[in-house]
Structures are given as C-alpha cells and as structure tokens.
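Chemist: Handing you a structure now.
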Amino acid sequence: MQSSRSVKEKEPKKLQKNLSYRFTDPALLTQALTHTSYTNENSSGLYPDNERLEFLGDAVLDLIITRLLMDEFPESTEGELSKLRSTLVNEQRLSSMARNFDIGKYLLLGKGEDITDGRNKDSILSAAYEAIIGAIYLDSDFTSAFQVVENHFSHLISAVEDESFHRDYKTELQELSQALFSSPPDYILTGEAGPDHDKSFEVGILINGNILGKGRGKSKKAAEQQAAREALKLLKK
C-alpha cells in the first residue's frame, strides 16, 4: 500500500490538471489534502489539517452554486432553489466529484485511516473537495474560484432539473387532475428544435379535452415538468 508520506513527496501536477487550476501557493493545496489523522501523527506543526479550508470551501461552494442556479432557473422560488442546491452540494455528490478528479490518491492520511480505506470514504473525500475549493479561493480570488466551480458543475446543473423538485409537479398535477376530472393528464410532444447534440423539446398537457400547459426543455422529461407546473398554476386559479 502506498503511504501518505510517499504521496506527499509527489508533485500533484496531474491533480491540478484534473481540477483545471494551477496553484500559485502549492502549500495551500497540500493543506487541503491533509486529513486531521495525518496532522495528529505529525505533531511538529508542519502539516496543518484541512478543516479550516473545508469550512471556507463549504461557504464558497454554497454561494457559487446558488448564483449558478439562480442564473439557470430565473423563475424558481427560494424553496425550489434550496432543494436544487441540496441535490448538488451534499456528501455523496461531492465525494463523487472528488473521485472523478482522483483526489483520494493525493490525500495525506494517518496510518489508521490509510489502512481502513480512508482514501475512498465519502466523508473524507467530500471534505477534501470543499477544502480544495477554499484553497483555490485563498490562492486567487472569488472570480477564479467561481470559474473552477462552474467548470466542475456545469453538466450537473444542466441536468439537475430532471432529478430534483420538478418531478413533484407531475405527481401533484396527476392527483389534482384525478380529483377534478377523474382522469390523468395526457402529455403530448408538440415540437422539437435544434441539432441532435443540443435538441430542445416542447410538450403540451391535455386535461379534460383542453390544453392547459406547455413546457420547453432539453429533454422530454424536463419539458413535461415545466408544462405540469404551468397547468398547476392555471388549475389552482
């Protein structure tokens, strides 16, 4: 098994390339990768742990993701944005992000954590990712940190609409349609536009013989959710 010290001795150039960010102060990256178990085993004080950077990175990440979501979903309410953010900024998602960048390979862990597969623990990986974001912020500025996070999360933000709170609109509409008309809504594909790699869809909702909502989206599912939302607004009036 590779020791934490041998990992430390490597220049993590590949990690910086994976992150799409090169540190001016490499010591910040080293600190972001240093777990408290490693610090406890090296009491000389030369290896500060990443907990303070994790604390900072958590705040920076929340702010940036909030702004990105507000830009992507300008009509969403505060509650809806909060739910979307929680699907993006959580231990499971951040640890997955860390695995994509191979962060575990470069972690500085105590012997006990190393032996017990600490490099693959969700809690350690997610904390390290947040610490790295905090380190990037300190190494540069908010604009640079924003660009890095946007680059890391852009594909997730464009897809998050399909997997979060919007699915409740279809469920709510179905229940309301059954209660009012004793029949479920019908979703009708009314149009497609754009090339195959960037296609958008338009869906209409037929309820009791009337079109009560239309929606557009990058997937049929997203368009259906938007249409369901519009139909709910109309029915609730």
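Just so it is clear, none of the values below were taken in a lab; they were calculated from the coordinates. It should be emphasised that the depicted structure is a prediction, and the values quoted were computed from it without experimental measurement. Don't worry about glycine lacking a Cβ; one is built from the backbone with ideal geometry, like all the others, and counts go over all protein chains shown.
Chemist: Can you tell me how the stretch 1-142 classifies by the Cα gyration tensor, rounded, prolate or oblate, using a/c under 1.5 as the rounded cut?
Modeler: Cα axes put the stretch 1-142 in the prolate bin.
Chemist: Follow-up question, since we're still on this one. Starting from the Cα of Q147, step 7 Å along the direction of its Cβ; do the same at S82; then give the gap between the two resulting points in nm.
Modeler: 3.4
Chemist: Given (1) 0.98; (2) 1.20; (3) 1.30, which label gives Cα Rg over 2.2 N^0.38 Å as computed from the coordinates?
Modeler: Read-out from the structure maps to (3).
Chemist: How far is helix 78-88 tilted off the main Cα axis of the chain, in degrees rounded to 10, range 0 to 90?
Modeler: Long axis of 78-88 versus the principal axis of the chain: about 50 degrees.
Chemist: Can you give me the angle between helix 91-100 and the longest principal axis of the chain, using Cα atoms only, in degrees from 0 to 90, rounded to the nearest 10?
Modeler: 70
Chemist: Could you grab the relative contact order for the stretch 150-237? Cα pairs under 8 Å, six or more apart, rounded to a whole percent.
Modeler: Across the stretch 150-237, relative contact order equals 23 percent.
Chemist: Here is a further query. Would you work out if the stretch 67-172 is rounded, prolate or oblate? Take a ≥ b ≥ c from the square roots of the eigenvalues of the alpha-carbon gyration tensor; rounded if a/c is under 1.5, else prolate when a/b is larger than b/c, oblate otherwise.
Modeler: Verdict is oblate for the stretch 67-172.
Chemist: Can you compute the equivalent ellipsoid semi-axes for the stretch 121-237, i.e. the square root of 5 times each eigenvalue of the Cα gyration tensor, sorted largest first and rounded to whole Å?
Modeler: For the stretch 121-237, the semi-axes come out at 39, 17, 11 Å.
Chemist: Relative contact order for the stretch 165-204: what percent, with Cα pairs under 8 Å and sequence separation of 6 or more? Can you show the working numbers first?
Modeler: Numbers: 31 pairs, mean separation 10.7, N = 40.
Taking the mean separation of contacting Cα pairs over the length of the stretch 165-204, I get 27 percent.
Chemist: Students often get this wrong, so check it: of K170/K237; K199/K233; K214/K236; K214/K237, which have C-alpha atoms separated by over 24 Å?
Modeler: Over 24 Å apart, Cα to Cα: K199/K233.
Chemist: Additional query: Size of the dipole of the chain about the Cα centre, Lys and Arg at +1 and Asp and Glu at -1 on the beta carbon, nothing else charged, in debye to 20?
Modeler: The calculated dipole for the chain is roughly 360 debye.
Chemist: Extending each Cα 7 Å along its Cβ direction at D168 and F55, get the distance between those two points in nm, one decimal.
Modeler: Simple spin-label model gives 3.3 nm for this pair.
Chemist: Below 8 Å between Cα atoms, with a sequence gap of 6+, how large is the relative contact order for the chain in percent?
Modeler: 19
Chemist: From the helices alone, meaning DSSP H stretches of at least four residues, give me the mean residue ellipticity at 222 nm for the chain, per-run term -39500 (n - 2.57), in deg cm²/dmol to the nearest 500.
Modeler: Calculated from helices alone, the mean residue ellipticity at 222 nm is -18500 deg cm²/dmol.
Chemist: Could you give the nm distance between label points at E192 and D71, where each point is 7 Å from its Cα heading toward the beta carbon?
Modeler: Here the answer is 3.0 nm between the modelled labels.
Chemist: To test your reading of the geometry: what angle, between 0 and 90 degrees and rounded to tens, separates the Cα axis of helix 122-139 from the longest principal axis of the chain?
Modeler: With both axes taken from Cα atoms, the answer is about 80 degrees.
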